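Colleague: Please find one structure pasted underneath; my questions will follow.
The values are calculated or read from the model by the stated rules, or taken from the named source; none is laboratory data. Just so it is clear, the structure is predicted and the values come from calculations on it, not from any experiment. With ideal geometry, Cβ positions are generated from the backbone for all residues, glycine too; neighbour counts draw on all protein chains shown. For accessibility, only protein heavy atoms count, side chains too; no ligands or nucleic acids. Shrake-Rupley method; radii C 1.70, N 1.55, O 1.52, S 1.80 Å.
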Amino acid sequence: MCGRFVVARVGSELASVLRAEIVPDDLPAPSFNIAPTAHAAIVLDSAKTEPPTRRLASARWGLVPGWAKDPSVGSRAFNARAEEAAEKPMFQKALAARRAVVPASGYYEWQGPAGAKTPHYIRPEGGEPLFFAGLYEWWKDDSRPDGDPDRWLLTFTILTRSAVGGLADIHERMPLMIDVEFADVWLDPTTEYPADLLDAVIDAAPAVVDTLTWFPVGPAVGNVRNDESSLIEPL
C-alpha cells in the first residue's frame, strides 16, 4: 500500500519532466509527510481540448466518485488495487478516462510486527522524481451555489500492486510505479482498452523498483503533524 509520501519539489520542476502545459499558482507546498485527505499535485490530461491539455493540479488524496453523497468516502479510497480497478464500480469510470500521474520524491512503508513497526523511506537512488499511476475524479458539492469555486472537488487515488524484489520484505503491497515514457500513454484520456493498458503498467512496474533504494527512518513520520526534511534522514 501507500499511506504516506513525500513531494520535495513542485511547480515548474515537475512540469518540465512530464511536459505539463498548465501550472497553477495554488499547488500545495512541498511536504515530507503527505497523508490521506491532504492535498498534493497530480498530473492529468484534460479531455476537453483537442489535443488533450496536460496540466498540474491540486487534488485531495482519497478518491470520491461523482455519485457519492459526501466526500468522506475518499478517506477509505486513497489506494486502489490495480488488479481489481477494472471491475470495481468505485474505479471503473476513472480507469476508462480519468487517469493521473502522482509525482513524488519517495514514500514511506512500515515493516515489522504490530506495535513495533519500523518506517522505511523508499526513493529513487539517483534522486529523480518517482511517479505513481493514479486515478482522479471530480465531485460536485450540491450544497454550494453555481459559481462557488469550492463547489467542485478534485480527488485522486494511488493504484497499488503486489510488491516485488526487496520491497516485498517490507510490505506485501507497493504503489504502482510508472516510468516517464509510459506516462504519456497512461495520461491520454483517449487511449483505448484501458484494462489492457493497466495490465501493461502492472507488468512494467518491477523495472522501476530496480532503480530504488530504501532505509529505515525515525518514528516521527507516524505523526501527520510532523513535516520536515529530517523525517527522511536515515537512522
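Colleague: Please compute the alpha carbon radius of gyration of the stretch 67-172, then divide it by the globular-protein estimate 2.2 N^0.38 Å. Two decimals is fine.
Modeller: 1.30
Colleague: What nm distance separates the two modelled labels at A47 and S16, each placed 7 Å from Cα along Cα→Cβ?
Modeller: In this crude spin-label approximation the distance works out to 3.3 nm.
Colleague: Give me the percent of the accessible area of the chain that comes from carbon and sulfur atoms, probe 1.4 Å, all protein chains in place.
Modeller: 52 percent
Colleague: OK, next. Which of the aspartates and glutamates could be linked to K140 by a straight reach, that is with a Cα gap under 18 Å, when you skip same-chain ones fewer than 8 residues away?
Modeller: Candidates past the 8-residue exclusion: D70, D148, D150.
Colleague: Starting at 0 and stepping by 5 Å, how many percent of the alpha carbon pairs of the stretch 155-235 end up in each bin?
Modeller: Binned Cα distances yield the sequence 3, 12, 18, 18, 18, 14, 10, 6, 2, 0.
Colleague: Where does the charge balance sit around I202 when Lys and Arg score +1, Asp and Glu -1, over other residues with C-beta under 10 Å from its C-beta?
Modeller: -2
Colleague: Continuing with this model, one more query. Quote the relative contact order of the stretch 110-225 in percent (integer), defining contacts as alpha-carbon pairs under 8 Å separated by 6+ residues.
Modeller: Normalised by residue count, the contact order of the stretch 110-225 is 33 percent.
Colleague: Moving on to the next point. 7 Å from Cα along Cα→Cβ at both D199 and K69: what's the point-to-point distance in nm?
Modeller: 3.8 nm
Colleague: What list of ³J(HN,Hα) values in whole Hz, one per residue of the stretch 196-202 in order, does the Karplus curve 6.51 cos²θ - 1.76 cosθ + 1.60 (θ = phi - 60°) give from phi, with Gly and Pro shown as x?
Modeller: Each residue's phi maps through the Karplus curve to give 5, 4, 4, 4, 5, 5, 4 Hz.
Colleague: Hey, which lysines would be in cross-link range of K88, C-alpha to C-alpha under 20 Å, not counting anything within fewer than 8 residues on its own chain?
Modeller: K69
Colleague: Two decimals, Cα atoms only, Kirkwood Rh: what is Rg/Rh over the stretch 64-120?
Modeller: 1.07
Colleague: How much space per residue, in cubic angstrom, does the convex hull of the C-alpha atoms of the chain take up?
Modeller: About 130 Å³ per residue, rounded to a whole number.
Colleague: What whole-number value in cubic angstrom gives the convex hull volume per residue for the C-alpha atoms of the stretch 143-195?
Modeller: 181 Å³
Colleague: Oh, and also: Taking 0.36 nm per intervening residue step and subtracting the Cα-Cα distance, what contour gain separates E233 from V209 on full extension?
Modeller: Here the answer is 6.6 nm.
Colleague: For the chain, what is the calculated [θ] at 222 nm in deg cm²/dmol (nearest 500), taking -39500 (n - 2.57) for each run of four or more DSSP H residues and dividing by its residue count?
Modeller: -4500 deg cm²/dmol
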